[in-house]
1. If I filter segment 100-129 down to residues being open to solvent by less than 10 Å² (accessible area, probe 1.4 Å) and of a type in the set (Asp, Glu), which single residue comes out as farthest from Ala41 (Cα to Cα)?
2. Glu119: part of a strand (DSSP E or B) and modelled with pLDDT of 55 or more, yes or no?
3. If Leu266 passes every condition in (1) closer than 23 Å to Phe113 by Cα; (2) part of a helix (DSSP H, G or I); (3) open to solvent by less than 70 Å² (accessible area, probe 1.4 Å) but one, which one does it miss?
4. Restricting to segment 165-221, what's the tally of residues that are more than 26 Å from Gly278 (Cβ to Cβ) and part of a strand (DSSP E or B)?
5. If we scan segment 161-176, do we find a residue that is within 27 Å of Lys78 (Cβ to Cβ) and under 15 Å from the mean Cα position of the chain (by Cα)?
6. I need a count of the residues in segment 187-199 that are more than 22 Å from Ala160 (Cβ to Cβ) and without any contact (Cβ under 8 Å) to a residue 60 or more places away in the chain.
7. Within the bounds of segment 286-296, is there any residue that is open to solvent by less than 70 Å² (accessible area, probe 1.4 Å), assigned to a loop (DSSP other than H, G, I, E, B), of a type in the set (A, V, I, L, M) and over 15 Å from Gly191 (Cβ atoms)?
Amino acid sequence: MGRLYILKRLLAILILLSTSFIGKGQSWKFYRHEVRIGVGASNFLGELGGANAIGTNGIKDLEFSMTRPSVEIDYAYKIIPTLKAKSHLLYGRLKGDDALTTEPFRNNRNLSFRSPIVEFGLQLEVYPFGEKIGHMYRLRGAKGKNWSYYSPYITGGVAAFYFNPRAKYPVDGKYYSLQQLGTEGQNQPGGPAKYKRLGICLPIGIGLNYAMNKHISIGFQVSGRLTFTDYIDDVSGVYFDNATILANQGAVAAYFADPSKHDPTLLSYSGGDPTRPGYQRGDRSDNDSYMFAIFSINYRFLKGKFVLPKF
């Protein structure tokens, strides 16, 4: 009887452990749906402002003083333990100003802008080590390793976004939408086509989640946007004849087309006024980009119940 009793107990323990491992391996299916609310910062990488050198539209051109607030709402669905699909709606603001750089030609150009960014997109999140959700049960005194609550991931996807560059006219103090003014001759005969204020971008980033419990986690993500437009700041091509813009569009359009300081020390470098018609105003070879840093609180919904069998 003693041996039989011990064998029954060992069998019960083995069944319990095996069931526990199986349950743990499948428990992610009960926490597939997740919503997130985030706040953070946005920043612009483009022709305006940036480093005290020729612009690159890269991280070197990050101007921290131009950082602006952003908010985000997400819905995520876990496909497998290491992969999530996510939709996001994001609002941020971007700003750039040539007055912040000491690079002579950019500072002389004297352009500035601000723009809202409204973005909706789909992304995939890859968790190389799986996603941790902490202890399955709240046992008094149970302690897990600190790293067991952290879940790093990489993310990428595609999104559509709306932008509208605006700038302040010093005469009346009002802000004007630059796309409508055709600052590079878009409204003039022989000028370039007017750009659209809707674009496509590719979000790419990294993130880290920390599990507070089975339902709630907090997260931090840094991501950049590769875009297919060079007009987020309204600057891309060359200067158009400003006398023509003045005659056809008026003083406001003419000012925003060329508000330069006309620094006389630059004349010898460029063989004349660097803002004369046909000379470089932006850089068509390098599209604009922008980035976000978001802190979020995340809530996982429990589907049904997950209970281990009792013995």
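1. Glu125
2. Numbers: part of a strand (DSSP E or B): yes; modelled with pLDDT of 55 or more: yes.
Taking the combined requirement at face value, the residue satisfies it.
3. Result: Leu266 passes all but (1).
4. Total satisfying the criteria: 23.
5. Of the residues in segment 161-176, the ones within 27 Å of Lys78 (Cβ to Cβ) are 161.
Right, trim to under 15 Å from the mean Cα position of the chain (by Cα) and you get 161.
There is at least one residue in segment 161-176 that is within 27 Å of Lys78 (Cβ to Cβ) and under 15 Å from the mean Cα position of the chain (by Cα).
6. Narrowing segment 187-199 to residues more than 22 Å from Ala160 (Cβ to Cβ): 187-192.
Imposing the further condition that a residue be without any contact (Cβ under 8 Å) to a residue 60 or more places away in the chain reduces the set to 189-192.
Total satisfying the criteria: 4.
7. We begin by selecting, within segment 286-296, every residue open to solvent by less than 70 Å² (accessible area, probe 1.4 Å); these are 286-294, 296.
Add one more test, that the residue is assigned to a loop (DSSP other than H, G, I, E, B), and what stays is 286-288.
Those still in the list that are of a type in the set (A, V, I, L, M) too: none.
No - not one qualifying residue is present in segment 286-296.
Here is a yes/no grid of residues against (1) buried (at least 20 other Cβ atoms within 10 Å of the Cβ); (2) modelled with pLDDT under 90; (3) in a strand (DSSP E or B); (4) among the aromatic types (Phe, Trp, Tyr):
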{"residue": "Gln26", "(1), (2), (3), (4)": "no, yes, no, no"}
{"residue": "Ala41", "(1), (2), (3), (4)": "no, no, yes, no"}
{"residue": "Glu47", "(1), (2), (3), (4)": "yes, yes, no, no"}
{"residue": "Ile54", "(1), (2), (3), (4)": "no, yes, no, no"}
{"residue": "Ser70", "(1), (2), (3), (4)": "yes, no, yes, no"}
{"residue": "Asp74", "(1), (2), (3), (4)": "yes, no, yes, no"}
{"residue": "Tyr77", "(1), (2), (3), (4)": "no, no, yes, yes"}
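The values are calculated or read from the model by the stated rules, or taken from the named source; none is laboratory data. Just so it is clear, the model here is predicted, and its values are computed rather than measured. Counting neighbours? That spans all protein chains shown, and the Cβs are built from the backbone with ideal geometry, glycine included. Ligands, DNA and RNA are excluded from the accessible area calculation, which covers all protein heavy atoms including side chains. Shrake-Rupley method; radii C 1.70, N 1.55, O 1.52, S 1.80 Å.
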